[in-house]
1. Residues that are out of contact with any Leu (no Cβ under 8 Å at 6 or more places or on another chain), aromatic (Phe, Trp, Tyr) and open to solvent by 40 Å² or more (accessible area, probe 1.4 Å): does segment A:47-61 have at least one?
2. Checking B:Glu94 against (1) within 26 Å of A:Met130 (Cβ to Cβ); (2) within 16 Å of DNA strand C (Cβ to nearest atom), which single condition isn't satisfied?
3. Just name the residue that is least open to solvent (accessible area, probe 1.4 Å) out of those in segment A:91-125 that are touching a residue at least 40 places away in the same chain (Cβ under 8 Å), touching a Ser or Thr at 6+ places or on another chain (Cβ under 9 Å) and within 11 Å of chain B (Cβ to nearest Cβ).
4. What about B:Phe34, is it more than 24 Å from B:Arg140 (Cα to Cα), outside the structural domain of B:Leu176 (by TED's automatic domain parsing) and open to solvent by less than 50 Å² (accessible area, probe 1.4 Å)?
5. Would you be able to tell me the number of residues in segment A:1-32 that are at pLDDT below 95 and of a type in the set (Lys, Arg)?
6. For segment B:126-147, which positions are farther than 16 Å from A:Glu139 by Cα, facing chain A (nearest Cβ under 8 Å) and either open to solvent by 10 Å² or more (accessible area, probe 1.4 Å) or in contact with a Cys (Cβ under 6 Å, 6 or more places away or on another chain) (or both)?
7. Of the conditions (1) modelled with pLDDT of 95 or more; (2) away from DNA strand D (no atom under 12 Å from the Cβ), A:Ile172 clears all except one; give me its number.
8. Could you say whether any residue in segment A:157-168 is surrounded by 18 or more Cβ atoms within 10 Å (Cβ to Cβ) and within 14 Å of another protein chain (Cβ to nearest Cβ)?
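The values are calculated or read from the model by the stated rules, or taken from the named source; none is laboratory data. Keep in mind it's a predicted model, so treat the numbers as computed, not measured. All Cβ positions, even for glycine, are placed from backbone atoms using ideal geometry, and neighbour counts span all protein chains on display. Just so you know, the surface numbers come from the protein's heavy atoms only, side chains and all, with ligands and any DNA or RNA stripped out. Shrake-Rupley method; radii C 1.70, N 1.55, O 1.52, S 1.80 Å.
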Protein chains: 2
Amino acid sequence: MKYQEAIIEDLLTAAFQDEALRDAYYEAAQEKRFKKGDLLLEQGQICRHSYILLSGAVRGFYLKDGREVTTSFCFTSDVVLSLESATRLTPSPESFEVLEDSLVEVVSMEKMARLRERFPVFEKVWTLSMEAYAIWLEERLASLQFATAKERYDQLVERYPEIVRQVQLSHIASYLGITLETLSRIRAKG
Amino acid sequence: MKYQEAIIEDLLTAAFQDEALRDAYYEAAQEKRFKKGDLLLEQGQICRHSYILLSGAVRGFYLKDGREVTTSFCFTSDVVLSLESATRLTPSPESFEVLEDSLVEVVSMEKMARLRERFPVFEKVWTLSMEAYAIWLEERLASLQFATAKERYDQLVERYPEIVRQVQLSHIASYLGITLETLSRIRAKG
DNA sequence: ATAATTATTTGACATATGTCAAACGGCGAC
DNA sequence: GTCGCCGTTTGACATATGTCAAATAATTAT
């Protein structure tokens, strides 16, 4: 999962003026460093934490027929969690792997639930995040449905120019739904 | 947009025991009949209503290079609205067309907002619907990313066996991200 | 019922992408 | 520095899907 929305950032910035809220949040949250290769969550486990990326990069993937299929990339200020697993308490369909040394703010879903109950602004932020995430997914779906592989690659690089430096091509190809070789050829042609 | 979740249905059933809530809802809602071919919402308009399908079928689509691209189908008990347009008050990226004579419950987004403020259960239902919708989109994305056209068609028919009778193949093909001819051949092979 | 329109199927061929194999290149371990 | 590993590129060929055109089949209007 991931979100990025100016309105949400503003809401949070304003909310954090409140000392009681700030204290409650920082009591629940915990900063942690992860190293390249670490797994934040493994396929099959239940997602009990929310990871806010303060710096670094993470990729979501699952295994299909013995192959890794990359479902998402998360960068600074994105939130890493399996929505399905966290909300339904079912085994996560995907794993999340740290792609480069990362600084992360960890909040347990349980504590997050209590924060949402106690401070309506957190509930509001959660709802707005869901809306933003769903809209983002709709866009990605449309792109996957009717853009060519080259168009999808160009869109991705336009949105995340750094991605080519941070992530190896095989993962990008998988994310785009094409093979490594096809991506390599797309890049060669320019 | 669409949702379908047992938990949400149960929540609503329970909530409607409350007479005050029931009255408030039915004051806001309005039953309407639409005919095949009617547009519930047109691309470019702002989505100011939510349409709950009591019976019938609706398809979402947008124009790309002069061609219609089908983005979604909605059937009984699905909710029809453009999430992006309704939440951000921006022009809708898609139109919604009635595929067969339909009975619909219409609620203006404004009145819905007031219901959400007044009755927390509506707010809860909205949030749960967003979660369910996002999870549904994630699944559809994975399917589009890594299933063959035939697998996607089989999944669709398994989930909505009626669809082949209700919706013409060109729309189904578009929804699957393939051409009409390819779908026709997939069906022929069995 | 008949004609007109629209939806679907089929065929021939073009294009995009996948698969397998080999070669190339950078980078760290020693 | 050299070796070996890993990621990437390139080539040859296979397969899936798209495009255009024509033929049927189904639906609608008259």
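1. no
2. So the condition that B:Glu94 fails would be (2).
3. The extreme case among them is A:Glu94.
4. Criteria met by B:Phe34.
5. Of the residues in that region, 1 qualify.
6. B:Trp126, B:Glu131, B:Phe146
7. Only one criterion is unmet by A:Ile172, namely (2).
8. no
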